[in-house]
Amino acid sequence: MISLRKLLATASVASCLTLLSLPAMSQDFRLGLITPPSHHWTQAAQSFAETLNQQSEGRHSVSVFPAAQLGNEAQMVQQLQTGALDMAFLTVAEVSNRVPEFGAWYAPYLVDNIDEAAALLKSEAAESMFELLPQQAGLIGIGYGMAGMRQMMARTTLNTPADLSGLKVRITPFDPIRDFYAALNTAPTPLPLPAVYDALANRQIDAIDMDFDSILIFRFYERAENMMISNHMMFPMVGVVSARVWRNLSADDQAMITDLMKAELDQVIETFRLQEAEQEAELRSLNITITEADRDDFADSVAQWEAIWSEKSSSLGKLREAVEQIRQP
Ligand code: BEZ
């Protein structure tokens, strides 16, 4: 008579053989993001979809949902956590709402310019912050992208930061930027990107916090004709995969997705780095009033921000050290 042990061993060999002979799993992933189809982030997502389809020889496809079609970023993160959404390109703003350590990325004047921002995002310090994501947010961080440095635009003249006092300033909805604008005595008004043009047009807000690229794409200068070039913050983005979805992918598929998505995100960083000066020149050629301000002009609000966030994010020191290394000749 065949023993139970032998039977189980035979069954498990048989099931292994069955698994080995199964064709590799194919999947149609969904990737969400808030930027419009013309934005570099969306184009990178589309390009990732094409290359993944090619490299997997048609096994995998990615449907890209731009312009917040699946909801705002907070809703997309919820969908990623349940596995209802597979992937997203998210502003680090939304990630920092879940994982306060990521608030360190928004230290005012953490970097001086877009080149330093690009180098910092590619540093080991940046990569190491992804370790926090699976447990604290149910996300796997694949790589960083970015948009341009943050500037300010208003319907009224901005000669110095004091001119912002009392204005309703549109901010991306997240705490570190709210604290910066609160320190400037403004009324920070959280609004997602797609709602900003109308809010300026109907005077719900007086000023905006924005990058050159979005100012040009959305033509915000039509509604706010005064720009203060302040370069006060960098604006990272992160490409993520749902941790629930990730667990069920083979090691080969995880490696393929990581390589291809990271390559697109690196390209996003490079595109923003290279276009920043050109876009500034384009804006300077328009019929708008432009002033400039730097770290010294914002010294008080920077100090207030530091007092709050050095407590909340221990990663600030790590990022600062990485910036120092980048600056070394
Ligand atoms: C913003 O909220 O200002 C923003 C979001 C995504 C890309 C660029 C800007």
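What's the total number of residues in the range 122-143 that are open to solvent by 10 Å² or more (accessible area, probe 1.4 Å) and in contact with a helix residue (DSSP H, G or I) (Cβ under 8 Å, 6 or more places away or on another chain)?
Residues of the range 122-143 open to solvent by 10 Å² or more (accessible area, probe 1.4 Å): 122-125, 127-128, 130-132, 134-136, 138, 140-141.
Imposing the further condition that a residue be in contact with a helix residue (DSSP H, G or I) (Cβ under 8 Å, 6 or more places away or on another chain) reduces the set to 122-125, 128, 132, 134, 136, 138, 140-141.
Residues flagged as open to solvent by 10 Å² or more (accessible area, probe 1.4 Å) and in contact with a helix residue (DSSP H, G or I) (Cβ under 8 Å, 6 or more places away or on another chain) within the range 122-143 amount to 11.
Please state which one of Asp163, Asp86, Asp112 is closer than 28 Å to Gln275 by Cβ and of a type in the set (D, E, K, R). Write out each step before concluding.
Values: Asp163 fails: closer than 28 Å to Gln275 by Cβ; Asp86 fails: closer than 28 Å to Gln275 by Cβ.
Unique residue meeting the criteria: Asp112.
Do we find that Ala243 is within 26 Å of Met149 (Cα to Cα), at pLDDT 95 or above and either among the small types (Gly, Ala, Ser) or open to solvent by 60 Å² or more (accessible area, probe 1.4 Å) (or both) in this structure? I'd like the intermediate steps shown before the answer.
Details: within 26 Å of Met149 (Cα to Cα): no; at pLDDT 95 or above: yes; either among the small types (Gly, Ala, Ser) or open to solvent by 60 Å² or more (accessible area, probe 1.4 Å) (or both): yes.
Considered against the rule, which asks whether it is within 26 Å of Met149 (Cα to Cα), at pLDDT 95 or above and either among the small types (Gly, Ala, Ser) or open to solvent by 60 Å² or more (accessible area, probe 1.4 Å) (or both), Ala243 comes out as no.
I need a count of the residues in the range 81-95 that are in a helix (DSSP H, G or I) and more than 19 Å from Leu265 (Cα to Cα). Quick ask: steps written out before the conclusion?
Residues of the range 81-95 that are in a helix (DSSP H, G or I), as a first pass: 81-82, 92-95.
From what is left, the residues that are more than 19 Å from Leu265 (Cα to Cα) are 81-82.
Of the residues in that region, 2 qualify.
For Gly166, which of the numbered conditions (1) at negative phi; (2) not assigned by TED's automatic domain parsing to the domain that holds Lys262 fails to hold?
With respect to (1) at negative phi; (2) not assigned by TED's automatic domain parsing to the domain that holds Lys262, Gly166 is out only on (1).
Would you confirm whether any residue within the range 59-67 is touching a Pro at 6+ places or on another chain (Cβ under 7 Å), under 15 Å from Met237 (Cβ atoms), part of a loop (DSSP other than H, G, I, E, B) and not acidic (Asp, Glu)?
Step one: of the range 59-67, the residues touching a Pro at 6+ places or on another chain (Cβ under 7 Å) are 66-67.
Right, trim to under 15 Å from Met237 (Cβ atoms) and you get 66.
Imposing the further condition that a residue be part of a loop (DSSP other than H, G, I, E, B) reduces the set to 66.
Still in the running and not acidic (Asp, Glu): 66.
For the range 59-67, residues touching a Pro at 6+ places or on another chain (Cβ under 7 Å), under 15 Å from Met237 (Cβ atoms), part of a loop (DSSP other than H, G, I, E, B) and not acidic (Asp, Glu): present.
What are the residues in the range 227-242 that are within 25 Å of Gln43 (Cα to Cα) and assigned to a strand (DSSP E or B), if any?
Phe235, Pro236, Met237, Val238, Gly239, Val240, Val241, Ser242
What residue, among those in the range 32-43 that are in contact with a helix residue (DSSP H, G or I) (Cβ under 9 Å, 6 or more places away or on another chain) and open to solvent by less than 10 Å² (accessible area, probe 1.4 Å), is farthest from the ligand (Cβ to nearest atom)?
In the first step, residues of the range 32-43 are kept if they are in contact with a helix residue (DSSP H, G or I) (Cβ under 9 Å, 6 or more places away or on another chain); the result is 32-41, 43.
So of that shortlist, the ones also open to solvent by less than 10 Å² (accessible area, probe 1.4 Å) come out as 32-33, 35, 39, 41.
On the way: Gly32: 13, Leu33: 8, Thr35: 5, His39: 7, Trp41: 6 Å.
Checking each candidate, the answer is Gly32.
Let me confirm something: among Glu292, Glu276, which residue is buried (at least 18 other Cβ atoms within 10 Å of the Cβ), of a type in the set (D, E, K, R) and over 16 Å from the mean Cα position of the chain (by Cα)?
Glu276
The values are calculated or read from the model by the stated rules, or taken from the named source; none is laboratory data. Model, not experiment: these values are computed from the prediction. In this analysis, Cβ positions are derived from the backbone assuming ideal geometry, glycine residues included, and neighbour counts consider all displayed protein chains. Calculation scope for accessible area: heavy atoms of the full protein, side chains included, ligands and nucleic acids excluded. Shrake-Rupley method; radii C 1.70, N 1.55, O 1.52, S 1.80 Å.
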